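Remarks on the structure that follows.
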Amino acid sequence: GWAQHGDFAGCKGWFERYLASGGKVEIMHWNMLLKACAKSRPPLRAQAEELFGQMPSQGLAPTRISLHWLEKALGKQAAQRCCEELGYDWKTILDTPVEKSAGYRQKRQTPPRQRVRRTRGAMSRRYIGG
């Protein structure tokens, strides 16, 4: 989508429509906006810094993914400084698994697919191990 292509305006427009329709603000949406800033050419440093600064007022704490995109947008030193200014510990956030971060759903465990060996004839199949 818009974030992948660095289209911050499109990404922000989608996010605003989502909120207007009653959507709940989650960290993954903020990360999407940070990603759009980082992927934009040139990177939108001011917007990324502003977005990161707004996270606490939205009740959001940054994740490893947030720091990744902030670093891509600002550079490592500026991203760490931004983090420290808001009272976040860069190393602690990087050491926290994403699955334990707020706003991310656990991946659903799906059973492995059955392997099928086709034999002669369209209707005859033999199932292998499983």
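The values are calculated or read from the model by the stated rules, or taken from the named source; none is laboratory data. Since the model is a prediction, treat every value here as computed from it, not as a measurement. These area figures cover heavy atoms from the full protein model, side chains too; ligands, DNA and RNA do not enter into them. Shrake-Rupley method; radii C 1.70, N 1.55, O 1.52, S 1.80 Å.
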Could you run the Karplus curve 6.51 cos²θ - 1.76 cosθ + 1.60 with θ = phi - 60° over the stretch 73-83 and give me ³J(HN,Hα) per residue in whole Hz, x for Gly and Pro? 7, 9, x, 5, 5, 5, 5, 5, 4, 4, 4
Over the stretch 1-101, with every protein chain in place, what whole percent of the accessible area is carbon and sulfur at 1.4 Å, could you tell me? 51 percent
May I ask you to give the solvent-accessible area per residue for the stretch 1-78, in square angstrom, as obtained with a 1.4 angstrom probe? 53 Å²
Honestly the stretch 1-78 on the Cα gyration tensor test (a ≥ b ≥ c root eigenvalues; a/c under 1.5 rounded, otherwise a/b vs b/c for prolate or oblate) is just oblate
Output wanted: per-residue J couplings in Hz (rounded whole) for the stretch 85-94, from phi through Karplus 6.51 cos²θ - 1.76 cosθ + 1.60, θ = phi - 60°, x for Gly and Pro. 4, 8, x, 9, 9, 3, 5, 4, 5, 5
Note, ³J(HN,Hα) from phi for the stretch 43-54, Karplus 6.51, -1.76, 1.60, rounded to Hz, x at Gly and Pro: x, 8, 5, 4, 5, 5, 5, 5, 4, 4, x, 7
